[in-house]
1. With an 8 Å cut-off on Cα pairs and a minimum separation of 6 or more residues, tell me the relative contact order of the range 1-51 in percent.
2. Measuring from centroid to centroid over Cα atoms, what is the spacing of the range 91-155 and the range 43-80 in Å?
3. Using a 7 Å offset from the Cα along the Cα-to-Cβ direction at both E134 and N148, what is the distance between the two label points in nm, to one decimal?
4. Which whole-number percent is the relative contact order of the range 32-132 (Cα, under 8 Å, 6+ apart)?
5. If you take the beta carbon distance between E36 and I14 as r and set R0 to 22 Å, what does 1/(1 + (r/R0)^6) give as a FRET efficiency, to the nearest 0.05?
6. How would you rank 35-48, 11-24, highest first, on the average number of other Cβ atoms within 10 Å across their residues?
7. Along Cα→Cβ, 7 Å out, is where each label goes; now give me the distance between the ones at A107 and S51 in nm to one decimal.
8. Quickly work out the A26-to-D67 label distance, labels modelled 7 Å from Cα along the C-beta direction, and quote it in nm with one decimal.
Amino acid sequence: MQVQVARIGKPHGIRGEVTVLVLTDAPDSRFSVGTEFAAEPAKIGTLTVRSSRWNKDILLLGFEGVDTRNDAELLRGTTLFFESDEDTDDDAWYEHELLNLEVRVGARTVGKVTGLRTLPVQDLLIVEDNDGDEVLVPFVDEIVPEVNIEEGYVLLTPPAGLFTVNKEASENDESGEAAETEGQQD
């Protein structure tokens with residue numbers, strides 16, 4: 001099974017290194033020198049790690065055949081996949097499995113999953129609601145009790161206001177005051 005492990009960011013320096021958004025819990029073992037990755041878009045082919053190092057909290061990778069900043073710039077946005085034979089957890093998902101899943105609250109569809117943001121404390125599902133607005137949903141059992149890849153949906157039990165809190169703020173006028181609405185009392 002192919003597992004998405006990283007997304008390449010911007011070039012770093014002049015020798016072909018790139019910054020990497022790490023999407024795995026084991027970066028030190030996944031990005032060791034000599035590791036090969038399938039790349040998306042497929043036209044890039046296979047990328048083999050030439051160098052791997054951390055610069056503060058950012059992983060920097062160099063790949064064989066990518067020797068200049070210009071070469072590295074061509075890799076920006078590329079997604080890296082690792083071939084894994086490991087048995088996966090029943091409650092562990094990868095971003096590519098979650099993309100475009102229908103988001104439901106009870107029987108009502110409220111949007112679709114457009115991404116996954118992995119953070120040190122907890123992951124966040126990025127949901128595009130039915131109005132086209134982005135909503136960040138904490139990816140925890142209490143709020144996301146069911147992920148059904150086969151049937152194509154994620155079931156949420158969101159706290160009150162999760163899908164409306166940012167919309168209320170955007171209804172304010174430019175001065176920051178709440179916009180007047182019909183029937184509003186002083």
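Here, each number is a calculation from the coordinates, and none is a lab measurement. Only a predicted model underlies this, so the values are computations on that prediction, with no experimental measurement involved. Cβ coordinates were reconstructed from backbone atoms using ideal geometry, including for glycine residues, and neighbour counts include every protein chain displayed.
1. 25 percent
2. Between the Cα centres of the range 91-155 and the range 43-80 lies a distance of 29 Å.
3. 2.9 nm
4. 16 percent
5. Plugging the Cβ-Cβ distance into 1/(1 + (r/R0)^6) gives 0.35.
6. Taking the mean over residues of other Cβ atoms within 10 Å, the ranking is 11-24, 35-48.
7. Label at A107, label at S51, 6.0 nm between them.
8. 3.4 nm
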